[in-house]
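Asker: Before we start, here is the structure in question, set down as structure tokens.
The values are calculated or read from the model by the stated rules, or taken from the named source; none is laboratory data. These figures come from a predicted structure and were not determined experimentally. Cβ placement follows ideal geometry from the backbone for every residue including glycine, while neighbour counts extend to all protein chains displayed.
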Amino acid sequence: MISTTGRKAVRDASPRIEPARFPKDTEAVRALFREYESAAGVPACFQGFEHELAELPGVYEPPAGALLVARDAGGALVGCVALKPAGDGTAEIKRLFIRAPARGQGLGRRLALSALEAARSARYRRVVLETHGSMQAAQALLRELGFKPHGAKKKGGDAAVIRMALNLADTKPEG
């Protein structure tokens, strides 16, 4: 985006969110997913993580799924979020992650809202996700967006895994 300030044109530096381009973005998305796994501090192998990486875009393939990335002004990927079918009109949000240098700019909110918009476009009625007990900022954002605890807590490594859900009919798209 380009905005003007007085007479001088200034390029908007906020990352743009768009669908990942496969096969071009495959390795960059794999790198983001690996960083996500490392940052979460919980081995993702129990979730079929290696298979997921090998099969990208796999379950995130449109139209039932989505894999959205945030690109900086130079085109590098600085964040991602994925959406996959979970059955019975429900989608699951996975892999919401922002690289450290891009944090603190509202990008997590923008990615989450983009995932919810993708879910609406795919005609899902409900969205579920799991987050870790140690991820307080993520939980606060999800509550702001209308997510509520859903189902029993389970243990995943050292941190409790918290399941959350949002009925899309209970919320209106932002923007």
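Asker: Out of the residues in segment 24-45 that are surrounded by 12 or more Cβ atoms within 10 Å (Cβ to Cβ) and acidic (Asp, Glu), which is modelled with the lowest pLDDT?
Answerer: Going through the qualifying residues, I end up with GLU37.
Asker: Can you name the residue in segment 146-175 that is within 19 Å of the chain's Cα centre (by Cα) and charged (D, E, K, R) and is also modelled with the highest pLDDT among such residues?
Answerer: Of the residues in segment 146-175, the ones within 19 Å of the chain's Cα centre (by Cα) are 146-150, 161-168, 171-175.
With the extra rule that they be charged (D, E, K, R), the set shrinks to 148, 163, 172, 174.
On the way: LYS148: 95, ARG163: 91, LYS172: 72, GLU174: 68.
The residue in question is LYS148.
Asker: Still on this structure, I have one more. Report the residue count in segment 117-145 for those that are modelled with pLDDT under 95, among the small types (Gly, Ala, Ser) and assigned to a loop (DSSP other than H, G, I, E, B).
Answerer: 2
Asker: Then there's this: Looking only at segment 103-116, decide whether some residue is modelled with pLDDT of 95 or more, farther than 27 Å from ALA76 by Cβ and basic (Lys, Arg).
Answerer: For segment 103-116, residues modelled with pLDDT of 95 or more, farther than 27 Å from ALA76 by Cβ and basic (Lys, Arg): absent.
Asker: Within segment 122-136, how many residues are in contact with a strand residue (DSSP E or B) (Cβ under 6 Å, 6 or more places away or on another chain) and in contact (Cβ under 8 Å) with a residue 40 or more places away in the chain?
Answerer: The total comes to 6.
Asker: Could you tell me which of the residues ARG110, ARG103, ARG95 is under 18 Å from ALA40 (Cβ atoms) and touching a residue at least 60 places away in the same chain (Cβ under 8 Å)?
Answerer: ARG95
Asker: Is it the case that some residue within segment 154-173 is without any contact (Cβ under 8 Å) to a residue 40 or more places away in the chain, in contact with a helix residue (DSSP H, G or I) (Cβ under 8 Å, 6 or more places away or on another chain) and in a loop (DSSP other than H, G, I, E, B)?
Answerer: No; the residues of segment 154-173 include none that is without any contact (Cβ under 8 Å) to a residue 40 or more places away in the chain, in contact with a helix residue (DSSP H, G or I) (Cβ under 8 Å, 6 or more places away or on another chain) and in a loop (DSSP other than H, G, I, E, B).
Asker: How many of the residues in segment 69-90 are farther than 19 Å from HIS132 by Cα and buried (at least 22 other Cβ atoms within 10 Å of the Cβ)?
Answerer: Result for segment 69-90: 2.
Asker: Still on this structure, I have one more. Which condition breaks for GLY48 when tested against (1) surrounded by fewer than 16 Cβ atoms within 10 Å (Cβ to Cβ); (2) touching a helix residue (DSSP H, G or I) at 6+ places or on another chain (Cβ under 7 Å); (3) closer than 21 Å to VAL161 by Cβ?
Answerer: Evaluating GLY48 over (1) surrounded by fewer than 16 Cβ atoms within 10 Å (Cβ to Cβ); (2) touching a helix residue (DSSP H, G or I) at 6+ places or on another chain (Cβ under 7 Å); (3) closer than 21 Å to VAL161 by Cβ leaves (2) as the failure.
Asker: Taking only pairs six or more apart or across chains, which ones have beta-carbon atoms under 7 Å, a first residue in segment 137-152 that is buried (at least 16 other Cβ atoms within 10 Å of the Cβ), and a second residue that is modelled with pLDDT under 90?
Answerer: Listed pairs, sorted by first residue: ALA138/THR131; GLN139/THR131; GLN139/ILE162; LEU142/THR131; GLY146/ASP170; GLY146/THR171.
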